[in-house]
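> The structure follows.
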Amino acid sequence: FMVTSDDAGALFRAFGQGADASGGRLRYSGTLDLDAPGDPIDGRIEIRDFTLRRAPALARIATLSSLSGIAGALQGNGIPFDRLDANIGYRGATITIADAAVRGPSLGLLAAGTIDRPSGTGEIRGTLVPSYYGLNAAPGKIPVLGAVLAGKGGEGVHTIDFTISGSFGSPRVTVSPASSVAPGALRDIVRRLGGGNRP
């Protein structure tokens, strides 16, 4: 089956309390096994051209990582993204998210985890990549974020690993200190985020 929508914000509102987005073309292609217990669903979601306007957990990650520009944008006009791709499965009351990749001109994100719909709880682990499009260029030359990305000595791009767990109404958010990414790992991140080309 396939589900499409011109309002991707509905998905964010359904998955996260306080989360919202505007615009976005959504397509979910999946399969439903009517012969299996619980009618399991497996599929892939694609969202193009949306603006994330509210995301309490992402704002918390940005605050803990001292990325005030991201937190400020979420309180203002929002953060634009070009695309979101993820594998999403449904088993009973549990939603599984795998290989999620979100990319935009100021931010990239990789994530995976599980969500329990009835209780509104779950655990999401991921990696935040500030100023994604700078990864293929000279990170140190990016205004404002250059120092964050390249480090004081220009040693390499930095990423932030994070975990969101517990109730999504009031989640526990933890972040790991920004660490420099080696060239090989950086290429892997770029590949998973889909490179710098639009679809």
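> What number of residues in region 93-126 are in contact with an Asp or Glu (Cβ under 8 Å, 6 or more places away or on another chain), part of a strand (DSSP E or B), in contact (Cβ under 8 Å) with a residue 24 or more places away in the chain and open to solvent by 30 Å² or more (accessible area, probe 1.4 Å)?
Total satisfying the criteria: 2.
> Find the residue count for region 1-50, including only residues that are among the hydroxyl-bearing types (Ser, Thr, Tyr) and either over 30 Å from Ala71 (Cβ atoms) or open to solvent by less than 30 Å² (accessible area, probe 1.4 Å) (or both). Outline the logic, then answer.
Our first condition is that a residue be among the hydroxyl-bearing types (Ser, Thr, Tyr); within region 1-50, this holds for 4-5, 22, 28-29, 31.
Add one more test, that the residue is either over 30 Å from Ala71 (Cβ atoms) or open to solvent by less than 30 Å² (accessible area, probe 1.4 Å) (or both), and what stays is 4, 29, 31.
Of the residues in region 1-50, 3 are among the hydroxyl-bearing types (Ser, Thr, Tyr) and either over 30 Å from Ala71 (Cβ atoms) or open to solvent by less than 30 Å² (accessible area, probe 1.4 Å) (or both).
> When the residues of region 51-92 are narrowed to those that are open to solvent by less than 50 Å² (accessible area, probe 1.4 Å), at pLDDT 90 or above and not hydrophobic (A, V, I, L, M, F, W, C), which ends up nearest to Asp33 (Cα to Cα)?
Gly89
> While we're here: Hey, which of the helices (runs of 4 or more DSSP H) in region 1-88, taking only ones fully inside, have at least 1 residues that are farther than 27 Å from Ser176 by Cα?
Hits in region 1-88: 9-15.
The values are calculated or read from the model by the stated rules, or taken from the named source; none is laboratory data. Since the structure is predicted, the reported quantities are computational estimates derived from the model, not experimental observations. All Cβ positions, glycine included, derive from the backbone under ideal geometry; neighbour counts span all protein chains shown. For the accessible areas, the whole protein counts, side chains as well, though only heavy atoms, and no ligand, DNA or RNA atoms are used. Shrake-Rupley method; radii C 1.70, N 1.55, O 1.52, S 1.80 Å.
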